[in-house]
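Throughout, read-outs are computed from the coordinates displayed, never taken from laboratory work. Everything quoted here is computed from the prediction, not taken from an experiment. Neighbour counts run over all protein chains shown; Cβ positions are idealised from the backbone, glycine included.
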Amino acid sequence: MRTEREDQETGRQGNLPPSFPVISLLTDFGTADYFVGAVKGAILSVNPQVVIVDITHEIPGQDIEAGAFMLLAAYKTFPAGTVHVAVVDPGVGSTRRPIIVAANEQLFVGPDNGIFSYIYERESSHRIFHVTEQKYFRTDPSSTFHGRDIFAPVAAALSTGVAPEAFGPEVSDEVRLTSLESPLRIIHIDRFGNCVTNIRRKTFEETSLSINGMTISALRKFYDEADPSGEVFAIWGSAGFLEISVNGGSAAQILGAKRGDEVSFTG
């Protein structure tokens with residue numbers, strides 16, 4: 001007969017839900033105010049056994065595209081059964097829908113404003129549910145803080161085993177951002193000034209790249225392999241995309257680059 005400890009070990013090693021449910025949080029709330037703490041309190045009020053993980057709360061305010069990228073870069077590191085709460089929500093209180101997305105044996109909770117766009121693209125078998133069952137909300141929810149009053153308690157209920165179907169009807173007319181696949185462009189600039197493009201290995205051509213009139217022809221395996229004098233080079237980043245970098249410097253500053261800038265293959 002298996003012991004509880006053996007079951008927990010199996011859950012960690014295999015593709016099974018964790019013994020203690022996990023809820024991740026990704027928001028643009030920052031940490032100076034009470035917002036993040038209130039969201040965690042609302043979750044723990046429903047399920048005090050849950051493990052809460054902060055992906056980040058430093059998404060630039062109302063920047064849905066930045067939130068979508070950060071979620072894409074992080075979600076596959078979490079175990080099956082994880083519930084991800086993603087709240088970058090300039091339309092809070094409006095008619096935009098609260099939704100649950102089921103994909104990759106995980107669940108995603110947040111506004112239907114495009115923040116889950118890149119999950120849709122990566123996980124073609126996803127399902128989406130419009131959250132309409134208000135019995136799962138906090139009493140008298142605020143029109144300006146759905147992260148605390150709707151998304152947090154819904155995520156907590158999911159973490160206790162309530163099925164996504166219980167929250168409302170399945171939908172197929174979700175809001176999406178511009179495709180992650182095209183056009184070729186910079187999709188993120190990190191705090192080090194690395195420019196993350198949307199080029200993946202399957203679409204990469206062994207040739208030079210051009211960004212803002214500068215040609216980048218060097219492809220390095222790690223940062224110290226680059227010339228320390230300020231060489232701008234390409235490198236495969238941890239999120240699986242080709243990045244433009246400078247060893248010890250900011251590629252974005254040197255290139256004068258910003259998110260959305262076009263990237264092209266040259267001869």
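Below are the figures for this structure:
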item	result
5 angstrom amide H check on Thr82, placed H, neighbours 5+ away	Leu107
Net charge over other residues, Cβ less than 15 angstrom from the Cβ of Ala156 (K, R count +1; D, E count -1)	+2
Fewest-first ranking of Arg185, Arg191, using other Cβ atoms within 10 Å as the exposure measure	Arg191, Arg185
Inter-label distance, nm, simple model (7 Å from Cα along the C-beta direction), Ser45/His126	2.9
Helix-only CD estimate at 222 nm, as mean residue ellipticity for the chain, using -39500 (n - 2.57) per DSSP H run (n ≥ 4)	-5500 deg cm²/dmol
Distance histogram for region 95-147 (every C-alpha pair counted, 10 angstrom bins, percent rounded to whole numbers)	22, 52, 22, 4
0 to 90° range, to nearest 10: angle between helix 35-46 axis and the chain longest Cα axis	40
Gaussian network model of the chain, Cα within-10 Å springs - most flexible of Val53, Val196, Val83	Val53
Proxy reagent accessibility, fewest Cβ within 10 Å first, across Leu26, Leu255, Leu44	Leu44, Leu255, Leu26
Crossing angle, helix 4-13 versus the chain [Cα axis fit, 0-90 degrees, rounded to tens]	30
Straight-distance crosslink candidates among lysines, where the alpha carbon sits under 23 Å from Lys40 and sequence neighbours closer than 8 are dropped	Lys76, Lys135
Which of Lys40, Lys135 has the fewest Cβ neighbours within 10 Å, and the rest in rising order	Lys135, Lys40
Cα centroid of region 171-233 to Cα centroid of region 44-59, whole Å	32
Two-site label geometry, Ser172 and Ser238: point separation in nm, points 7 Å out along Cα→Cβ	3.9
Folded to 0 to 90 degrees: helix 64-74 orientation relative to the chain principal axis, Cα	90
